[in-house]
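Here the structure comes first, spelled out in structure tokens, and everything after it is commentary.
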Amino acid sequence: MALPNSYQNYQNSKIMTASPAQLTLMLYDGAIKFCNLAIMAVEDGNIQKAHDNIKKVENIIQEFRSTLNFKYEVAKDFENIYKYIYDRLVEANIHKDKEILEEVLEHLRSMRGTWEEVMKRAR
């Protein structure tokens, strides 16, 4: 069927033509999506799906951490935030804890909103 292939091609094109700021926003969107999926999996008792989606959020947080530029003072603050979120994700994954995931989701939404505001002001 051509439709799934077309969608994948569109997604790839969207990523390849995005600015670094847009890519960051996409990563936040992905982290929020996977965190929501993990919460639903925990609610459904689907341990493997919860684990898989928490790992996806962890990977996105690790990507954010690995791209911090420490020549800017604010990078230290972001490192602390990302470390906290990552540690909470590990704890949520160990215990399959919905409340921790909801806390992480709240942080991710806040950070995404802030990033979106920064993008608007930079225009």
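Values as computed for the structure displayed
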item: Ranked packing of 32-42, 96-106, most packed first, by mean Cβ within 10 Å; result: 32-42, 96-106
item: Efficiency of FRET between Q8 and H95 - r from beta-carbon atoms, R0 25 angstrom, step 0.05; result: 0.10
item: Gyration tensor (alpha-carbon) shape descriptor, the chain, a/c threshold 1.5; result: oblate
item: Translational diffusion of region 54-98, µm² s⁻¹ [Kirkwood Rh, Cα pairs; Stokes-Einstein; 4 °C; 1.567 mPa s]; result: 118
item: Mean accessible surface per residue for region 14-84, computed with a 1.4 Å probe while every protein chain stays in place, in Å²; result: 61
item: Cross-link pairs beyond the 21 Å C-alpha cut-off, checked among K14/K71; K33/K98; K14/K120; K76/K98; K55/K98; K83/K120; result: K14/K71; K76/K98; K83/K120
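The values are calculated or read from the model by the stated rules, or taken from the named source; none is laboratory data. Fair warning: this is a prediction, and the values are worked out from it, not measured in the lab. Methodologically, a virtual Cβ is constructed for each residue, glycine included, from the backbone with ideal geometry; neighbour enumeration extends over all protein chains shown. To get the accessible areas, we keep the full protein, side chains included, count just its heavy atoms, and leave off ligands, DNA and RNA. Shrake-Rupley method; radii C 1.70, N 1.55, O 1.52, S 1.80 Å.
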